[in-house]
Amino acid sequence: MKQVKIHLIAAARPNFMKIGPLYHALRDEPWAEPFIVHTGQHYDVNMSEAFFKDLRLPEPDIHLGIGSGTHAEQTGKVMIAYEKVLVGTRPDVVIVVGDVNSTLACALAATKICYNEAARPPNFFARLTVRQASQPSSHYTHRPLLAHLEAGLRSFDRTMPEEINRIVTDALSNILWTPSPDADENLLKEGIPASRIERVGNIMMDSLEMMRNEIEKQNMLEQYSLHRGEYALVTLHRPSNVDDPICLKQICGSLRRISENIKIVFPVHPRTRKNLQSFGLDELLESNGRIIVTEPMSYVPFMNLVFNARFVLTDSGGLQEETTYLGIPCLTLRPNTERPITIEQGTNRLTTPEKLLDDAMGILGGSIAPYKVPEMWDGRTSTRVVNSIKAFLGKGLL
Ligand code: UD1
């Protein structure tokens with residue numbers, strides 16, 4: 001019998017790859033009933049729906065349809081809508097992933113919700129069940145267990161909205177699943193009890209391994225007349241890179257110079273697309289025919305381009321990890337990273353708009369430095385997460 005109702009919070013592009021393998025693993029468990037809750041933070045077909053298809057996910061069970069807004073608007077709207085869903089559906093476990101605004105919003109709503117019961121709830125809730133002094137002795141309140149997958153990452157840069165989202169989500173979570181030892185250390189330093197922290201590895205590698213055959217079968221190179229190892233792949237969307245016209249112009253100028261040496265494929269995020277157009281920079285990028293500008297791609301075709309690239313230039317979090325796993329050089333256009341293991345052990349290097357051209361030329365002129373795939377980045381993270389839920393909920397399940 002399916003005893004445990006589990007919400008998986010999907011919201012924005014990077015989250016879909018994190019909930020995909022977990023949904024499939026949970027669905028196979030006789031005790032678990034996974035529900036996909038899509039907040040709608042990302043809503044364009046190629047930012048959302050196409051990922052569900054690629055990752056073989058069903059339509060979301062619940063769609064909040066929130067869309068864009070300022071940080072407070074987006075966070076507030078998700079909280080209000082998700083609270084209603086919590087009240088109406090009473091999940092036992094809420095799993096939030098990553099660091100987007102919806103992660104924080106759902107974590108806040110799930111932490112503050114209280115279900116009132118006339119009878120003591122089943123055994124496995126014992127640890128979270130409180131009988132309040134003011135209530136009749138037959139009444140109990142309990143809360144869903146909140147779990148954060150990809151906990152403990154820190155850039156130590158509080159100007160990044162994602163850093164605020166990470167810190168608050170981790171402070172609220174009952175279970176913190178981390179991808180790497182640096183994340184464990186960050187949490188311990190913030191006073192999170194060790195008993196709540198469990199290293200499970202990197203779930204992104206589960207998606208990659210789950211879809212590897214499909215990724216390898218794609219023929220994106222033919223579609224864009226490219227050859228393996230003879231193009232660079234670019235993605236940029238961070239406000240710090242794309243919202244300031246001077247900065248974005250400098251980056252576009254460097255891309256143009258780099259493209260004289262190697263072709264570039266640049267699937268453009270909607271935020272970046274809007275800014276390129278309003279700053280009048282699209283012409284600069286596209287006019288020499290060496291920079292292929294495309295719409296954002298879904299997971300499988302995009303990963304096919306990653307697999308075959310000479311190097312990747314990005315400001316995304318996930319790509320720093322995927323390139324380290326695949327041994328592909330990555331330049332990260334940011335002053336810091338919350339994923340330092342990709343630099344210490346992997347193929348990632350930080351760069352700046354000023355150094356970008358030199359760093360790219362350095363990669364083209366050099367060979368790939370030795371690298372190591374971090375421990376537990378092995379495609380088996382979802383199994384560890386499932387085992388961890390079982391352990392937290394207790395033997396009553398089995
Ligand atoms: C969000 C996350 C970021 C993540 C990124 C991946 C936060 C604070 N940021 O940033 O951590 O790395 O997603 O893509 O949660 N837009 C569309 N169509 C869409 C989605 C967005 O046109 O499907 C437009 C919006 O109108 C908005 C802009 O893109 O103008 C930004 O969207 P938003 O979700 O606020 O942030 P991202 O920059 O995508």
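So what is the calculated 222 nm ellipticity per residue for the chain, using -39500 (n - 2.57) for each DSSP H run with n of 4 or more, over all residues, to the nearest 500 deg cm²/dmol?
Working: 18 runs with 171 residues, N = 398.
Mean residue ellipticity at 222 nm (helix-derived): -12500 deg cm²/dmol.
Quick check: pseudo-label points 7 Å beyond the Cα along Cα→Cβ at Lys112 and Ala171, how many nm apart are they?
Modelled inter-label distance: 1.4 nm.
Can you work out ³J(HN,Hα) from phi for every residue in region 360-365, in order, using Karplus 6.51 cos²θ - 1.76 cosθ + 1.60 and θ = phi - 60°, giving whole Hz and x for Gly and Pro?
Result, ordered by residue: 5, 5, x, 5, 5, x Hz.
Excluding Ile262 itself, what net charge comes from residues whose Cβ is under 14 Å from its Cβ, given Lys and Arg +1 and Asp and Glu -1? Mind dumping the intermediate values first?
Numbers: positive: Arg228, Arg256, Arg257, Lys263, Arg290, Arg310; negative: Glu230, Glu260, Asp359.
In short, +3.
Could you point to the residue in Ser102, Leu176, Ala309 farthest towards the positive end of the chain's charge dipole, with +1 and -1 charges on the Cβ of Lys/Arg and Asp/Glu respectively?
Going by the charge dipole, the pick is Leu176.
From the square roots a ≥ b ≥ c of the eigenvalues of the alpha-carbon gyration tensor of region 1-108, which class results: rounded (a/c under 1.5), prolate (a/b over b/c), or oblate?
Working: a/c = 2.07, a/b = 1.25, b/c = 1.66.
Cα axes put region 1-108 in the oblate bin.
Provide the per-residue ³J(HN,Hα) series for region 160-174, in order, calculated from phi with Karplus coefficients 6.51, -1.76, 1.60 and θ = phi - 60°, each as a whole number of Hz, with x at glycine and proline positions.
Taking θ as phi minus 60°, the curve returns 7, x, 5, 5, 5, 4, 5, 4, 5, 4, 5, 5, 8, 6, 7 Hz for region 160-174.
Label-point separation (nm) for Leu284 and His71, each offset 7 Å from Cα along Cα-to-Cβ?
So the two model labels end up 2.7 nm from each other.
Past the 24 Å Cα-Cα mark, which pairs from Lys18/Lys189; Lys77/Lys112; Lys77/Lys249; Lys18/Lys249?
Details: Lys18/Lys189 26 Å; Lys77/Lys112 16 Å; Lys77/Lys249 34 Å; Lys18/Lys249 33 Å.
Check vs 24 Å cut-off fails for Lys18/Lys189; Lys77/Lys249; Lys18/Lys249.
Ranked highest first by average number of other Cβ atoms within 10 Å, how do 109-117, 326-334, 202-210, 180-188 line up? It would help to have the intermediate numbers written out before the result.
Numbers: 109-117: 17.3, 326-334: 22.4, 202-210: 24.6, 180-188: 19.3.
With the highest mean Cβ count within 10 Å placed first, the list reads 202-210, 326-334, 180-188, 109-117.
Decide, for region 308-376, between rounded, prolate and oblate: order the square roots of the alpha carbon gyration tensor eigenvalues as a ≥ b ≥ c, take rounded if a/c falls under 1.5, and otherwise choose prolate if a/b is larger than b/c, else oblate.
Values: a/c = 1.82, a/b = 1.24, b/c = 1.47.
Taking the square roots of the gyration eigenvalues as a ≥ b ≥ c, region 308-376 is oblate.
If you place +1 on the Cβ of every Lys and Arg, -1 on the Cβ of every Asp and Glu, and leave all else neutral, what size is the dipole of region 214-364 about its Cα centre, to the nearest 20 Debye? Before the final figure, lay out each step's value.
Numbers: 16 positive and 19 negative charges, 33 e Å.
Computed about the Cα centre, the dipole is about 160 debye.
Relative contact order for the chain: what percent, with Cα pairs under 8 Å and sequence separation of 6 or more? Provide the component values of the computation, followed by the final result.
Working: 755 pairs, mean separation 60.6, N = 398.
Relative contact order for the chain comes out at 15 percent.
By per-residue mean of other Cβ atoms within 10 Å, what is the highest-first order of 285-295, 346-356? Numbers along the way, then the final one.
Numbers: 285-295: 15.2, 346-356: 19.0.
Going by the mean number of other Cβ atoms within 10 Å, highest first, we get 346-356, 285-295.
For Val200, list long-range residues whose amide hydrogen, built 1.01 Å from N in the peptide plane, is under 5 Å from its own amide hydrogen.
Long-range HN contacts for Val200: Thr178.
Mind giving me the nanometre distance, one decimal, between the label points for Asn213 and Arg271, set 7 Å out from Cα along Cα→Cβ?
3.7 nm
Taking amide H positions as placed in the peptide plane 1.01 Å from N, state which residues far from Gln3 in sequence (5 or more) or on other chains have amide H under 5 Å from it.
Amide H neighbours of Gln3: Ala32.
Given H placed 1.01 Å from N in the peptide plane, which residues other than close sequence neighbours of Arg334 have an amide H under 5 Å from its amide H?
Residues meeting the criterion, in which the H sits 1.01 Å from N, are Thr351.
Name the residue from Ser225, Thr324, Val265 whose Cα lies farthest towards the positive end of the charge dipole of the chain, charges +1 on Cβ of Lys and Arg and -1 on Cβ of Asp and Glu.
With unit charges placed on the Cβ atoms, the residue in question is Thr324.
Please give the helix 299-308 orientation as an angle from the longest Cα principal axis of the chain, in degrees from 0 to 90, rounded to the nearest 10.
Once rounded, one gets 50 degrees.
With an 8 Å cut-off on Cα pairs and a minimum separation of 6 or more residues, tell me the relative contact order of region 214-364 in percent. Don't skip to the answer; put the middle values down first.
Working: 237 pairs, mean separation 39.7, N = 151.
Dividing the mean separation by the residue count of region 214-364 yields 26 percent.
By average Cβ neighbour count within 10 Å, what is the ranking of 20-26, 37-43, 52-58 from highest down? Spell out each step's value before the answer.
Working: 20-26: 23.0, 37-43: 25.3, 52-58: 16.1.
Highest mean packing first, the order is 37-43, 20-26, 52-58.
Starting from the Cα gyration tensor of region 214-364, take the square roots of the eigenvalues, sort them a ≥ b ≥ c, and report rounded, prolate or oblate (rounded when a/c is under 1.5, otherwise prolate if a/b is larger than b/c, else oblate).
Numbers: a/c = 1.45, a/b = 1.10, b/c = 1.31.
Judged from the Cα gyration tensor, region 214-364 comes out rounded (a/c under 1.5).
Select from region 146-179 those trypsin sites (Lys or Arg not before Pro) which occupy a DSSP coil region and have at most 13 other Cβ atoms within 10 Å, ordered by residue number.
Details: sites: Arg154, Arg158, Arg166; in loops: Arg154, Arg158.
The qualifying sites are Arg158.
Could you give me the ³J(HN,Hα) list for region 314-330, computed from phi with Karplus coefficients 6.51, -1.76, 1.60 and θ = phi - 60°, whole Hz, x at Gly and Pro?
8, 10, 7, x, x, 5, 4, 7, 5, 5, 5, 4, 8, x, 9, x, 10
Given 0.36 nm per residue, what is the gain on full extension from Asp358 to Glu230 after removing their alpha carbon distance, in nm?
Values: separation 128, 0.36 × 128 = 46.08 nm, distance 1.79 nm.
Using 0.36 nm per residue and subtracting the Cα-Cα distance, I get 44.3 nm.
Give me the distance between the Cα centres of region 16-85 and region 345-376, rounded to whole Å.
33 Å
A short reminder: the numbers here are calculations on the coordinates, not readings from a lab. In this text, all values refer to a predicted model and were calculated from it rather than measured experimentally. Note that we place each Cβ from the backbone using ideal geometry, even for glycine, and neighbour counts take in every protein chain shown.
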